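**Q** My questions will all concern the structure given below.
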Amino acid sequence: MLSFQSQIDDMDSLSRVIKLTDYIEAHLPQCFSLEHLSHWLGVSKWHLQREFKELTGLSIGQYSTGRKLSLAAAELADSPLRIIDIALNYGFESQEAFARAFKRHFGISPKNIKGQPLWAQQIKSQPLTRAYLECYAELRAITPTVVTLPAAEYLALPATLNSIRHGSNDFFQDFSALWQSFGQEVSALGLDTSMDRYYSMEFINRCHHETGLFMMLAAIQVEGLGVALPKESDLILFQVKQQRYHCFELTDVFKVKHFLRYLFEHYLPEQQLALVEFPVLWQGTEDGKLLGYFPLIDDLSGEALPVGLSISEQLIQIPDLNMRILSTQLPFSLSQVSERLVALFERWPEVTNMANGDISPTLNQGKAVLIGEHGSAQFSPEHEFHASFMDLNLADKSTLPNSEVITLTAASYLKCQLQGTLAQIDFALNYVYNFYLWDSPYYHVRGHEWISNIKNDGEHYQFELWLPVKMRNGRKA
């Protein structure tokens, strides 16, 4: 137990750090020297540096630079000003120096943020608040346990929510409404199950960096209960595979926002871990605590690509194309990427095991499967549940009755080749979507994903996946 004097010292340190962060925030984008800040606070430079790092996990320079660049990102996204004007306004000597600092901090070029206010909101470094700093020491003290949860069947109600990590004021209201609706549905079914069967499940969509939207499920494990869904119900039954999780115990639900900030800004980089697969599970306990289950793996940066995955170094350039499509929407119960692919291959077997035709040198007889909803205004968690059979042969309507003709605008695509079992392909696809694209020369943009040259030999599959991307350095691909 800390002595009374130690507690006073800790309070003095926290008050001093909060005073310093308030001072930095009030004077942004101006940055002060360490000498100026230490003199202003009346402590030595060494003591101030050590104290700030201990209580925040950041150096003073990292924090002030991150906040300055975050304000610049917001202005880039909303302002008609040129990049050079913003660079000079924020104290950089040139546009090139600003771009280097911006890309080093956020991983993308300032050009990519122009006209993207939601994306700027998602990537920004949040101000340090008293509430977060008061939790920080407690969060650092959490040692997760590693557990394996067996494969199980769940009954769930899905909803689209705004991320709590980035200041969504309505998250808890929407989250409570989801669970209230789910509770009514479960009661109507007459299910009487213990608390340890209930979970909240979190699925991230393809381009949540643009929107902050993700899919949350209120769920109950129903393995062996033989549940039959009523007609016209929004409930879904789905499987979650056996998975290894890092389980973190939080003292209460209102620390989730602070925990997620700590997890992604500090814990994962320090422990060299990565979040590649989903879902993330949350579970309340009878004593009011909250368990967070994260399927973390060793950070794959610098490692070889997963088995069965190869990624082309050159982008595919596709011009404006007119095509005939027949669209469908897959049920949310197909929660795994591989499950959705198998459903599509079975629905449209004509795209599988075809010899290459001459309509396009890179497409099987001009046919492919497109992932995504045509004409959608933004990416959403439902994006990957929309799919279309595509045929470039517009003249022959007989192959696609009830189809429509659409035009896809020219775009650049990253070509990924995948082969292996469904389990291998599922992991490789999640690696591409949730890990590779965050640390590659490209970032995912709104548009359709193409699946072509599909081959199936029993338990093994082979196909090409084309992802719409842009280069992070802002140059045209």
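Every number here is computed from the coordinates shown, using simple stated rules; none is lab data. These numbers were taken from a predicted model, which means no experiment stands behind them. All Cβ positions, even for glycine, are placed from backbone atoms using ideal geometry, and neighbour counts span all protein chains on display.
**Q** Send over the semi-axes of region 309-471's equivalent ellipsoid, whole angstrom and largest first, taken as the square roots of 5 times the C-alpha gyration tensor eigenvalues.
**A** Rounded to whole Å, the semi-axes are 22, 19, 17.
**Q** Can you pick out the pairs among 45/68; 19/53; 45/103; 124/289; 241/367; 255/289 whose Cα atoms lie more than 20 Å from each other?
**A** Listed pairs above 20 Å: 45/68; 45/103; 124/289; 241/367.
**Q** Let me ask something else about it. What's the exposure ranking of 259, 254, 32, going from fewest to most Cβ atoms within 10 Å? Could the numbers behind the result be given before it?
**A** Values: 259 20, 254 12, 32 16.
Lowest to highest Cβ neighbour count: 254, 32, 259.
**Q** Find how much the distance from residue 313 to residue 329 grows on full extension, using 0.36 nm per residue of separation minus their present alpha carbon separation; answer in nm with one decimal.
**A** Here the answer is 2.5 nm.
**Q** Principal axis extents for region 142-291, Cα atoms only, whole Å, descending order, please.
**A** Principal axes ranked by extent give 47, 32, 32 Å for the Cα atoms.
**Q** In 10 Å bins starting at zero, report the fraction of Cα pairs in region 4-128 per bin as a rounded %.
**A** 13, 40, 28, 15, 4, 0
**Q** Of 21, 154, 239, whose Cα points farthest to the positive end of the dipole of the chain (charges on the beta-carbon: +1 Lys, Arg; -1 Asp, Glu; origin at the Cα centre)?
**A** Most positive-ward Cα: 21.
**Q** If you don't mind, another one. Listing 195, 471, 390, 215 from the residue with the fewest other Cβ atoms within 10 Å to the one with the most, what is the order?
**A** Numbers: 195 10, 471 18, 390 27, 215 23.
If I rank by nearby Cβ atoms, fewest first, I get 195, 471, 215, 390.
**Q** In a shell of Cβ-Cβ distance under 9 Å around residue 290, excluding residue 290 itself, what net charge do Lys and Arg (+1) and Asp and Glu (-1) give?
**A** Neighbourhood net charge equals 0.
**Q** Further question on the same structure: For the charge dipole of region 4-128, defined by +1 on Lys and Arg C-beta atoms and -1 on Asp and Glu C-beta atoms about the Cα centroid, which residue among 117, 65, 30 has the Cα displaced farthest towards the positive pole?
**A** Checked the options; the winner is 117.
**Q** With the convex hull built on the Cα atoms of region 265-313, state its orientation-averaged projected area in nm². Could the numbers behind the result be given before it?
**A** Details: hull surface 21.5 nm².
Over every viewing direction, the Cα hull of region 265-313 projects on average to 5.4 nm².
**Q** For the chain, what does -39500 (n - 2.57) per DSSP helix run (n ≥ 4), summed and divided by total residues, give at 222 nm, in deg cm²/dmol to the nearest 500? Intermediate results must be reported in sequence, preceding the final value.
**A** Numbers: 15 runs with 162 residues, N = 477.
That calculation yields -10000 deg cm²/dmol at 222 nm.
**Q** So, counting K/R as plus one and D/E as minus one, what does the shell of residues with Cβ under 14 Å around residue 215 add up to?
**A** Within the 14 Å Cβ shell, the charges total -3.
**Q** Report the relative contact order of region 140-298, percent, no decimals, based on alpha-carbon pairs under 8 angstrom and at least 6 residues apart.
**A** 33
**Q** Please sort 101-108, 380-387 by packing, taking for each peptide the average over its residues of neighbouring beta carbons within 10 angstrom, highest first.
**A** 380-387, 101-108
**Q** Under the definition of Cα pairs under 8 Å and six or more residues apart, what whole-number percent is the relative contact order of the chain?
**A** The value is 14 percent.
**Q** Let me ask another. Please quote Rg/Rh for the chain to two decimal places, taking the Kirkwood radius as Rh and restricting both calculations to Cα atoms.
**A** Across the chain, the Cα-based Rg/Rh ratio is 1.00.
**Q** Hand me the GluC sites (Glu not before Pro) from region 155-263 located in a DSSP loop with no more than 10 other Cβ atoms within 10 Å, in residue order please.
**A** Of the GluC sites (Glu not before Pro), the ones in loops of region 155-263 whose Cβ has at most 10 other Cβ atoms within 10 Å are 232.
**Q** Here is a follow-up. Bin width 10 Å, origin at 0, all Cα-Cα pairs of region 290-339: what percent of pairs per bin?
**A** The distribution over region 290-339 is 13, 21, 36, 23, 6, 0, given as percents.
**Q** Oh, and also: Which whole-number percent gives the relative contact order of region 309-471, counting Cα pairs below 8 Å spaced six or more residues apart?
**A** Answer for region 309-471 is 33 percent.
**Q** For the pair residue 237 and residue 129, what calculated FRET efficiency results from E = 1/(1 + (r/R0)^6), where r is the Cβ-Cβ distance and R0 = 56 Å, to the nearest 0.05?
**A** 0.85
**Q** Suppose we take every Cα in region 214-322 and form the convex hull; what volume per residue is that in Å³? Intermediate values should be presented prior to the final figure.
**A** On the way: hull volume 27.0 nm³, N = 109.
Dividing the Cα hull volume of region 214-322 by its residue count gives 248 Å³.
**Q** If you add up the charges near residue 390, with Lys and Arg at +1 and Asp and Glu at -1, over every other residue whose beta carbon is less than 12 angstrom from its beta carbon, what do you get?
**A** Values: positive: 324, 367; negative: 350, 391, 404, 449.
Here the count lands on -2.
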